[in-house]
Amino acid sequence: MANLSAVDIHILVDGLVLGLAFVAGEKAGVLLTVALTLEVLFLSLTVTAELNEAMESKLRVIATVFGLGLLLPLGAAIALPVATLPAPVIVGFLSFGLMALLYLVTKELLVQAHARPDNSLISAMFFVGSLGLLAIEELMS
């Protein structure tokens with residue numbers, strides 16, 4: 001259950017960063033929404049699969065995942081009072097959140113991604129995802 005606490009904190013920080021991104025600008029908020037939607041989708045699928053193995057009650061699994069889902073808007077709501085602070089403080093909060101996301105990617109996801117040998121499909125999907133986000137950004141301009 002220690003991993004569940006880490007997921008809780010991660011989703012809460014994601015929500016905070018999402019709220020702060022909308023404070024910084026609509027374009028940044030929408031782009032981060034698209035990226036976090038994909039991230040949370042796969043994170044929730046993984047967590048649900050692990051909880052199904054660890055918990056016997058399906059109702060408890062559903063309630064736990066539902067509770068995790070509420071943390072993202074809660075994190076965004078926490079950003080509301082931060083939005084009233086001076087701009088340098090907002091930048092500091094946003095920087096902290098983005099660095100937390102980058103740390104997660106570099107520390108956890110890249111290490112896990114290289115645990116298996118690379119193949120061309122994995123590399124292609126990475127570039128397709130990156131190009132997709134760039135295309136969305138250009139369409140928003």
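Does A28 count as in contact with a Gly (Cβ under 8 Å, 6 or more places away or on another chain), of a type outside the set (D, E) and over 14 Å from H10 (Cα atoms)?
no
Give the number of residues within the range 4-37 that are more than 13 Å from L72 (Cα to Cα) and without any contact (Cβ under 8 Å) to a residue 40 or more places away in the chain.
The total comes to 6.
Based on what the data block shows, is T48 without any contact (Cβ under 8 Å) to a residue 60 or more places away in the chain, loosely packed, with under 12 Cβ neighbours inside 10 Å and either polar (S, T, N, Q) or touching a Leu at 6+ places or on another chain (Cβ under 8 Å) (or both)?
Answer is no for this residue.
Could you pull out the residue among I62, I136 that is out of contact with any strand residue (DSSP E or B) (no Cβ under 9 Å at 6 or more places or on another chain) and touching a residue at least 60 places away in the same chain (Cβ under 8 Å)?
On the way: I62 fails: touching a residue at least 60 places away in the same chain (Cβ under 8 Å).
So the residue among I62, I136 that is out of contact with any strand residue (DSSP E or B) (no Cβ under 9 Å at 6 or more places or on another chain) and touching a residue at least 60 places away in the same chain (Cβ under 8 Å) is I136.
When the residues of the range 81-109 are narrowed to those that are polar (S, T, N, Q) and at pLDDT 85 or above, which ends up surrounded by the fewest Cβ atoms within 10 Å (Cβ to Cβ)?
T84
The values are calculated or read from the model by the stated rules, or taken from the named source; none is laboratory data. Computed from a predicted model, the values in this text were never measured in an experiment. All Cβ positions, even for glycine, are placed from backbone atoms using ideal geometry, and neighbour counts span all protein chains on display.
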